[in-house]
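Working notes, beginning with the structure itself.
Coordinate-derived values only; no laboratory data. Note that the structure is predicted; figures quoted are calculated from it, not measured. Cβ placement follows ideal geometry from the backbone for every residue including glycine, while neighbour counts extend to all protein chains displayed.
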Amino acid sequence: MVAKPGTYQASFNAGELAPELWGNTGLKQFFSGLSAARNIASVPQGGFDLLPRSRHLGVIGNAANARLFRFTVSRSLAYVVILMAGQVAIWRNGALQATLWAPYADADVPFVKVVQRAETMMLFHQAYETKRLIRHGSDTAWSLDATPWVHIPDVDYGGAYAKTDEVWKIYLYWPSSGFTLAGMGFVVSVDGIETATIPVTTMQTQTFGSTVTTVDPVATASTVQAALIDLANVEPGITVSGVLSTATSITFQVTFSGGLNSGNSFTVSGRVVTTGSAALQTSRAVQGKPGGESLFSASRGYAACAAFYQDRLIQGGFASKGSAWLASRTSEYFDQNVDLTGASGAMLINIDADGSEEIEHIIQARHLCIFTSDAEYFVADRALQKTQPPNIVRSSTYGASKRVPPVFEESSLLFVSREESIVYAATYNEVASAYEASPQSLLSSHLIFGIRDAALQVSTSATDSQRYFLPRDDGVMVIALLIRNQDVYPFVRWETDGKVRAIVVDGANVPHMLVERQIGGVAKLCFERLEDGLLLDGAVTQSFGAPTTVIGGLWMHEGATCWAIVDGYVEGPFTVSGGAITLANAGYVVTVGRWTAPYAATLPLPRDVGQRTVLKRPCRVHTVQLDLIGTTSLAVGANGQPPRDVPLARVTDPTDAPTPPYTGEKIITGIAGFSADGIAVITQLRPGKLQVRNVTLQAKV
């Protein structure tokens, strides 16, 4: 047989390209893309493989909305929290550990956000009091209660509030002998602005028949008051009185009342300027407060999100103050005392934004990163301290989805746009000292819409790629396969007989999801775990002591079309009835589940015959040449014709065991028909393993 040239493709690292790009042969990614990529994953080194499938863990009900959260105590203590209307359930190792009541309504569940540290998780939603989910030392001991906040700061929401005037004490000391009061003067500083020198007014008093010179408290207090009112940052209305006088000291009380003084906070200091023998000290007696009401409460709502950063709890996106964030005291997550002036004190910070902008997510990454409805920010300061106002930098103006959590991947933050139609990656640029956000899904823009959740699985022994899971509202889950340092960013589809509603990757790096499936004609949410190497969805594996043909316990697949893998042999399809199926051949170990075929369709054949010259006419792909690895099921089609099963058995294969996986070249020839595009399809007609190293198409164009 004479070898003939063909169109060769070994890389599929561009994933499924948008239809607008199918004829763009000038695009670098064109020659590593596919027109359809369902239930397959590109292999970075070349070719493609099957995506993992799911194992059934349980049915949790028929809630329209539910969320999954990871709760990680340690690598060996990894839990999954399922939140739904009126309930929170805790699972570990595929088993339900505890169920608790939760206050959330079904429509509000998608917008609940969490943070977790040690054995405590906090749940945030603007319309609900912030809750704590606490593990009490064992798998089954849990509680859900209100967060015990202390020192919640007051803010001005526009009401009529009683103000508290700031009060300071000024202490003036001098020696008991050998010192002359006459001519002594001092200055007082308010917020760094000093008064003119204030002279001491003296007076004579009789003490046990002796005349003593001391400070006149009334006259000197009047002089101090006049000097303070002369300052540019002090308004009339301030009062000063001499409250305590002795032979060697006097104490003045300064009350910042009247006008704009009332309710404000000041810093007061002072010094004696005419002699080194006297001294002056100050202390705050009463903290000035403008009045107000609690930042968050049952009437004003609560925070939308939070993160731990530098041993502080940072919460933000308050229902009545959407662009503000509050940092707790260092190491005291529930203490929000903003009156403390030390470096570890709590801080209430407003982002410089218009009134409609709300904080949606707060993320701990290289910096403290804040995602709002309109823009993305980061705190440039590496150390978050009360004594140094944070430098908040706006890095981009895309806006983030309210319900889809950003995730941190290697050196980038991945987030979904406000319209839930673009995936961005924000990467810190050392030269620009800023985060630069760039769209990552433009080549597969037709796949990104209605994104409802997100989770990231880091590389495992089964794959060199990180998997970025993105369920959509229509139930399809898009997966981005990430190897950033190799510029690999393909998007593919994960499809099943059902609708993916939520996804999480637990602390052991295992993906779990909620899938809405029809069970006996009724939609139910199924809790499932993704596993590499599985071939079926909602898989249930049973072992028997004797060969068995009737397989029961399949109520979760009632009425569905299922397949069975029986001691390595594939049987099916079956329709589950009465929670059971009957096998054609008895088996010891049987796995039953639903199956959705993988599907890879090549891009249209290039028609270039010269520079900017193409030849467009119907073509026929007559031969598809595949290089396979460990494949047990294969079907190939082209020219719009239905795919046909490709035999993989060899004459040397054993007849009393399942057919061994096929590795090597497979040529499918004699494919009939013509088409406008010359697209070949690689799929399966029954479950099995499939890995393609490269594809060569021979066509008549």
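Numbers below:
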{"item": "Trypsin sites (Lys or Arg not before Pro), loop per DSSP, at most 15 other Cβ atoms within 10 Å - longest free stretch of the chain", "result": "383-611"}
{"item": "Residues whose placed amide H lies under 5 Å from that of ALA635, excluding near-sequence neighbours", "result": "VAL646, THR683, GLN684, LEU685"}
{"item": "Full-stretch length increase - THR582, ASP230 - with 0.36 nm per residue and alpha-carbon distance subtracted", "result": "117.0 nm"}
{"item": "Span from the region 496-531 Cα centroid across to the region 645-701 one, whole angstrom", "result": "31"}
{"item": "Residue-span extension gain [THR596 to VAL431] - 0.36 nm each, minus C-alpha spacing", "result": "54.6 nm"}
{"item": "Listed residues SER356, ILE40, ALA502: farthest to the positive end of the dipole of the chain (Cβ charges)", "result": "ILE40"}
{"item": "5 angstrom amide H check on VAL188, placed H, neighbours 5+ away", "result": "THR195"}
{"item": "Listed residue (GLY533, VAL59, ILE152) projecting farthest to the positive dipole end of the chain, Cβ model", "result": "GLY533"}
{"item": "Those chymotrypsin sites (Phe, Trp or Tyr not before Pro) in region 6-42 that DSSP places in a loop and that have at most 16 other beta carbons within 10 Å", "result": "TRP22"}
{"item": "Dipole of the chain [Lys/Arg +1, Asp/Glu -1 at C-beta], most positive-end residue of GLN698, SER465, ILE229", "result": "GLN698"}
{"item": "Simple Cβ-charge dipole of region 166-286, Lys/Arg +1 and Asp/Glu -1, about Cα centre, in debye nearest 20", "result": "280"}
{"item": "Segment THR652-SER189, length gained on full extension (0.36 nm per residue, minus Cα span)", "result": "156.9 nm"}
{"item": "Placed amide H near GLU409: partners under 5 Å, 5+ positions off or other chain", "result": "LEU414"}
{"item": "Unit charges on C-beta of K, R, D, E only; dipole of the chain, Debye", "result": "1700"}
{"item": "VAL150 versus LEU280: modelled label distance in nm, points set 7 Å from Cα along the beta carbon direction", "result": "3.7"}
{"item": "Calculated FRET efficiency for the pair ASP473/ASP567, C-beta based, R₀ 51 Å, to 0.05", "result": "0.80"}
{"item": "Pairs from LYS28/LYS689; LYS4/LYS689; LYS4/LYS666; LYS666/LYS689 whose Cα-Cα separation, in the structure shown, is over 20 Å", "result": "LYS28/LYS689; LYS4/LYS689"}
{"item": "Euclidean distance of C-alpha centroids, region 390-463 and region 7-31, integer Å", "result": "23"}
{"item": "Calculated from backbone phi, Karplus (6.51, -1.76, 1.60) coupling profile of region 580-592 in Hz, x at Gly/Pro", "result": "8, 9, 10, 7, 6, 10, 5, x, 8, 10, 10, 10, 10"}
{"item": "Those aspartates and glutamates that a straight Cα-Cα span of less than 13 Å connects to LYS616, excepting residues fewer than 8 apart in one chain", "result": "ASP608, ASP677"}
{"item": "Backbone HN-Hα couplings from phi across region 43-54 [Karplus 6.51/-1.76/1.60, Hz, Gly and Pro as x]", "result": "9, x, 6, x, x, 8, 9, 7, 6, x, 10, 10"}
{"item": "Order by protection proxy (mean Cβ within 10 Å, highest first), peptides 372-379, 94-101, 345-352", "result": "372-379, 345-352, 94-101"}
{"item": "Per-residue HN-Hα couplings for region 656-667 [Karplus 6.51, -1.76, 1.60; θ = phi - 60°; Hz; x = Gly/Pro]", "result": "10, 8, x, 4, x, x, 9, 10, x, 7, 9, 10"}
{"item": "Label of the coordinate-derived value, volume of the Cα convex hull per residue in Å³, listed as (1) 156; (2) 180; (3) 213", "result": "(3)"}
